[in-house]
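What follows draws every value from the coordinates through simple rules; no lab data is involved. None of the values given here were measured: they were computed from a predicted structure. All Cβ positions, even for glycine, are placed from backbone atoms using ideal geometry, and neighbour counts span all protein chains on display.
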Amino acid sequence: MKKYLIAFAAMLSATPAMAHINPAEHASFSTGFLHPLSGADHVLAMVAVGLWAAQLGGRALWAVPATFVLVMMAGFGASLTGMPLPFIEPAIAASVVVLGLLALTAFKVPMPMGMIVVGFFALFHGFAHGGELGEASATPFLVGFALATALLHAAGVLLGPAIARLAGDKAGRLITRFAGGLTALAGLALMVGG
């Protein structure tokens, strides 16, 4: 349990100044794959999507994360067309807060509503990835960050049951909700600091 808290604290320690790697220095796929893993805002939001999807259960377990990945890819494409989208960074920071709060409260909604909520935020995350493409090739970069995002979602989905096995069902639910609360607080810190 202690190692999970240490790992979570380490995720919170990334700062915006060192948030992402330079696409010009790496291959396009690896740059795309590492991109969402190298920024606290992306890591926290992606894991929170998985946590919340696990709490929703049923088909939402895969449909909510899949919606995020697909809409994020569409946002990436929209960015490459030059379409304007205001408030990208504030929306990304808000996504960390909102998704963290949803996991904290284990807020139950019908699956389509969950898909709409994560899809809204996914658009901004994808748009930001498009804006940070740099010299990387678009398609390998897209495949890389989509795969990394799906893996972060899977980590969130698997985290709750793993904690429940280690700490017991009731304690596991509380720890998972606590992780959602920490995520929301980290999002607030990003909003204030950014």
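Model label points for Met113 and Arg173, set 7 angstrom from Cα along the Cα-to-Cβ axis, are 1.9 nm apart. Relative to the dominant Cα principal axis of the chain, helix 40-56 is inclined by about 50°.
Once the C-beta distance of Ala164 and Ala66 is scaled by a Förster radius of 25 Å, the resulting FRET efficiency is 0.60 to the nearest 0.05. With contributions of -39500 (n - 2.57) from each DSSP H run of at least four residues, the per-residue ellipticity at 222 nm computed over the chain stands at -26500 deg cm²/dmol. With viscosity set to 1.002 mPa s at 20 °C, what whole-number translational diffusion coefficient in µm²/s follows for segment 116-157 from Stokes-Einstein and a Kirkwood radius over Cα pairs? Diffusion coefficient, whole number: 192 µm²/s. One chain, two ends: Met83 and Ala189. Fully extended at 0.36 nm per residue, the span grows by 35.2 nm beyond their Cα-Cα distance. Rounded to the nearest 10 degrees, the angle from helix 2-12 to the longest Cα principal axis of the chain is 30 degrees. GNM on the chain, alpha-carbon springs under 10 angstrom: the most fluctuating residue among Ala167, Ala155, Ala48 is Ala167. Here each label is just a point 7 Å from Cα along the line to Cβ, and for Thr105 and Leu147 those points are 3.7 nm apart.
For the options Gly39, Gly172, Gly130, a Gaussian network treatment of the chain with springs between C-alpha atoms closer than 10 Å singles out Gly172 as fluctuating the most. Of [x] 47; [y] 43; [z] 27, which is the value of percent of Cα pairs over 26 Å apart derived from the coordinates here? Of the listed options [x] 47; [y] 43; [z] 27, [z] comes from this structure.
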